[in-house]
1. Using Cα pairs closer than 8 Å and at least 6 residues apart in sequence, work out the relative contact order for the chain, in percent.
2. Could you run the Karplus curve 6.51 cos²θ - 1.76 cosθ + 1.60 with θ = phi - 60° over region 97-112 and give me ³J(HN,Hα) per residue in whole Hz, x for Gly and Pro?
3. Starting from the Cα of His128, step 7 Å along the direction of its Cβ; do the same at Ala9; then give the gap between the two resulting points in nm.
4. For region 1-41, what is the Kirkwood estimate of the hydrodynamic radius, computed as the reciprocal of the mean inverse distance between distinct Cα atoms, to one decimal in Å?
5. Where does each of Leu12, Leu26 land when they are ordered by accessible area, with a 1.4 Å probe and the largest first?
6. Between Phe78 and residues 5 or more places away or on another chain, which pairs have amide H atoms under 5 Å apart, with H built 1.01 Å from N, and which residues are they?
7. How many nm is it between the label spots at Thr32 and Asp16, if each spot is 7 Å from the Cα in line with the beta carbon?
8. Quick one: net charge around Ala83, please, counting Lys, Arg +1 and Asp, Glu -1 for every other residue with C-beta under 10 Å from its C-beta.
Amino acid sequence: GTFSTDGLAGGLSVPDGGYYYLTANLNNNTWTATKTTWGIIGDATPGGWNTDTPLSYDIVNQVWKVSANMLSNGSFKFRANNAWAIDFGIDNAGKLQYADNPFLGYTAGLNNLSVATNGSYTITLDLHVPGKYTYTLHKN
């Protein structure tokens with residue numbers, strides 16, 4: 001959609017509740033809202049590279065979480081909506097970065113995530129501070 005820079009203009013809205021990835025282009029006053037659910041995918045996860053393992057949204061802590069049996073000889077990524085349109089890898093410093101993003105494009109050279117040893121992990125994805133996304137891997 002489009003938006004106005006008039007401070008008295010009405011607000012923006014989305015069609016229904018949920019967790020959204022929002023973009024705004026200040027050059028042409030356009031915006032997008034993509035409803036997202038998050039999961040992990042990769043040969044370290046229960047679903048392998050074929051099936052996402054869904055994360056659940058923890059509304060109190062504003063994070064996405066899952067407890068899953070993970071394999072240390074594989075790797076994984078976080079991705080939205082069971083698709084390779086919005087997903088994260090990690091940079092050489094271990095920080096989450098968009099690997100694919102419809103607004104920002106593709107980022108080459110990012111690594112997949114991994115766990116140190118086989119076992120059950122609670123995996124948390126924290127997206128509530130824009131541009132400072134984090135994750136934790138806690139062995140249960």
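The values are calculated or read from the model by the stated rules, or taken from the named source; none is laboratory data. These numbers come from a predicted model, not from an experiment. Cβ atoms come from the backbone with ideal geometry, glycine included; neighbour counts cover every protein chain shown. What goes into the accessible areas is simple: the full protein's heavy atoms, side chains included, and nothing from ligands, DNA or RNA. Shrake-Rupley method; radii C 1.70, N 1.55, O 1.52, S 1.80 Å.
1. Details: 278 pairs, mean separation 25.4, N = 140.
Relative contact order comes out at 18 percent.
2. 9, 5, 8, 10, 7, x, 8, 9, x, 9, 10, 7, x, 7, 9, 7
3. 3.0
4. Details: mean 1/r = 0.0838 Å⁻¹.
About 11.9 Å for region 1-41.
5. Leu26, Leu12
6. Long-range HN contacts for Phe78: Phe88.
7. With each label placed 7 Å out from Cα toward Cβ, I get 2.1 nm.
8. Values: positive: Arg79; negative: Asp52, Asp87, Asp100.
After counting each charged neighbour, the total is -2.
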